[in-house]
Amino acid sequence: MSAWADLSPEARRLWAAGLVAAAYVLFCAAIAVREALRRRAARREAAALSSGTGAPILLAHASQTGFAEELALATAKLLSDGGARVTLKNLAEVTAADLEGAARALFVASTTGEGDAPDTARRFIRDVMEAPVDLSGLGFGVLALGDSSYARFCAFGRQLDAWLAHQGARPLFDRVEADDGDAAALRHWQSQVAHLAGVTDAPDWTRPAYGRWRLAERRRLNPGSPGDEAFHLRLEPLADPQADDWRAGDILEVGPRNDPAEVAALLERLSLDAAAPVSAEEGASLGEVLSWRRLPHDGSIPGATPQAVVDALPPLPHREYSIASLPADGAAELLVRTLVRTDGKLGLGSGWLNRHAPLEGEIAARVRVNRSFHAPEDSRPLILIGNGTGLAGLRAHLKARAALGHGRNWLVFGERTAAHDYFHREEIEAWVAEGVLERLDLAFSRDQAEKIYVQDRLREAAATLSAWVAEGAAIYVCGSLEGMSGAVHAVLVETLGAETMERLADEGRYRRDVY
């Protein structure tokens, strides 16, 4: 007879209870060990992120379920890949001194429940946000996570964004709002962060489902310009359900391809046949798939069979362009400047669209809704400010205003020279003559000894700017993130005051599409 059978029922019960208690203790110990290992790994990762040699960036996350922290880690990795020194912190650990000592800071902030801040943000709200802080030296960006099925969508992210602006911090780009993990919004955040980091080839966190478009026109806008070439492009839809469903302010995400000569050179170095069959979603042959994949800088890939090559190379990231037309035009029109990198190679997106893509050839693209740059629903005055190819987004708004018969529009546009860089000059001057543009101010920086920029024209017109805003005008800025948008924002604050600018942003009357 077994020892278990010799035990009384009470003894058996106590024995079983002891086993359950022991199992629970072991379970708790396992969780504690796992959590300790996770914290140790997080410390190692944070230390690695802070070892860059570039400009330091503070990155803070406020998470309820862990998603914001996950996105913050991906953001930190992207910044680190660009050489930035990243200080990654839970928002609860961020102090006023951290913010005052930082030049740039990014925030990934969740909203929980019916518009509440995550529990991890409560200390920051109590200890930092309740007191005035001088953040005039800080540039910031906010990714707000929320769910639009709740009344107060992205409430904490919006609260944090407004508080930072109220303390004098300047936005590096407009707040990005992701509705229930919206993939397009996260790609937009990644694109903005990649620009800050100087990273041009990071794979998309989520891949867009591209439609099919045709490159119907490619016309250089600035022959003879002292700057890089800029092109007007016309993409007509072949097969895309969103082809006639966009508004002024929306974005075209383009799936670029590699320079065919670079693909051919890689295949030659690897002694592989472009026609070799491979398994991949982009195409059936090795050459076709490589046109969509990030090519290695040195051309070396371990175990370079055709399939091994495909498996080793991540897909190319998308590129974003402001749409310069309306669906009624029958095409998505773009203004794209050719980027020439320090090594002499062309930018991934601009090189594909402006040089390598054949006319009448197929372009992979999809429309991304950009609600933060949509126009007012009414006929209020509109002040449109931009430089260079930033004219694209402003052109679409002017087309829409012309179609609606809304004539209280003021365009402030800047480029290098009037002779070579006055993009769409005939169209703009026709709008002046027709009354679509009530006022036009131009700043061609190279046409006089002392350079004049968009922000200078805006400062000269300070009285008119104040009067238009008093009449209810909305301000839309489109163009370069570095230089123009920051300088324009400074003049707007100088002319209208920080509180007015904060109010305009809250009311949706100050919007930016900068890159």
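Each value in this text was obtained by applying a stated rule to the coordinates, not by laboratory testing. Fair warning: this is a prediction, and the values are worked out from it, not measured in the lab. Quick reminder, even Gly has a Cβ in these numbers, built from the backbone with ideal geometry, and neighbours come from all protein chains shown.
As I understand it, the value is the acute angle between the Cα axis of helix 486-496 and the longest principal axis of the Cα atoms of the chain; what does it come to in degrees, rounded to 10?
On a 0 to 90 degree scale, this one is about 80.
Give me the dipole magnitude in Debye, nearest 20, for the chain about the Cα centre, with unit charges on the beta carbon: positive for Lys and Arg, negative for Asp and Glu. Before the final figure, lay out the partial values.
Numbers: 56 positive and 71 negative charges, 172 e Å.
Charge dipole of the chain: 820 debye, to the nearest 20.
Rounded to the nearest 20 debye, what is the charge dipole size of region 57-162 about its Cα centre when +1 sits on each Lys and Arg Cβ and -1 on each Asp and Glu Cβ?
160
So what are the ³J(HN,Hα) numbers for region 402-408, from phi and the Karplus equation (6.51, -1.76, 1.60; θ = phi - 60°), rounded to whole Hz, Gly and Pro as x?
The phi angles translate into 4, 5, 8, x, 8, x, 7 Hz.
Select from SER466, LEU58, ALA328 the residue farthest towards the positive end of the dipole of the chain; place +1 on Cβ of Lys and Arg, -1 on Cβ of Asp and Glu, and compute about the Cα centre.
Farthest along the dipole direction, towards plus: LEU58.
Once phi is turned into θ = phi - 60°, what whole-Hz ³J(HN,Hα) does the Karplus curve with 6.51, -1.76 and 1.60 give for every residue of region 269-282, x standing for Gly and Pro?
Running phi through 6.51 cos²θ - 1.76 cosθ + 1.60 with θ = phi - 60° gives 5, 8, 6, 10, 8, 4, 7, 4, x, 9, 9, 6, 6, 7 Hz.
Where does the charge balance sit around PRO56 when Lys and Arg score +1, Asp and Glu -1, over other residues with C-beta under 9 Å from its C-beta?
Taking every other residue near PRO56 into account, the sum is +2.
Once label points are set 7 Å from the Cα along Cα→Cβ at both ASP378 and PHE153, what is their separation, rounded to one decimal in nm?
2.1
Using the crude model of +1 on Lys and Arg Cβ and -1 on Asp and Glu Cβ, and no other charge, please compute the dipole size for region 258-310 relative to its Cα centre, in debye to 20.
It comes to approximately 140 debye.
Search the structure for amide H atoms under 5 Å from the amide H of LEU339, placed 1.01 Å from N in the peptide plane, and list their residues when 5 or more places away or on another chain.
Distant-sequence amide H within range of LEU339: GLY347, SER350, GLY351.
Can you list the residues, at least 5 places off or on another chain, whose amide H is less than 5 Å from the amide H of ARG104, using H built in the peptide plane?
Residues meeting the criterion, in which the H sits 1.01 Å from N, are LEU58, GLY139.
Label points 7 Å out from Cα along the Cβ direction at THR305 and TYR210: separation in nm?
2.8
At what distance in nm do the modelled label points of ASP179 and ARG503 sit from each other, each positioned 7 Å from its Cα along Cα→Cβ?
2.9
When the Cα centres of region 224-287 and region 465-509 are compared, how far apart do they sit, in Å?
37
Scan region 349-441 for GluC sites (Glu not before Pro) in coil per DSSP, keeping those whose Cβ has at most 13 other Cβ atoms within 10 Å, and list them by number.
Hits after loop and neighbour filter: GLU360, GLU377.
Take every DSSP beta bridge with both residues inside the chain and express the antiparallel ones as a percent of the total, to the nearest 5.
Expressed as a percentage, antiparallel bridges in the chain total about 40.
Using the beta-carbon distance between ALA430 and ASP127 and R0 = 51 Å, what value does 1/(1 + (r/R0)^6) give for FRET efficiency, to the nearest 0.05? If you can, show how the numbers build up before the last one.
Values: r = 57 Å, r/R0 = 1.12.
Rounded to the nearest 0.05, the efficiency is 0.35.
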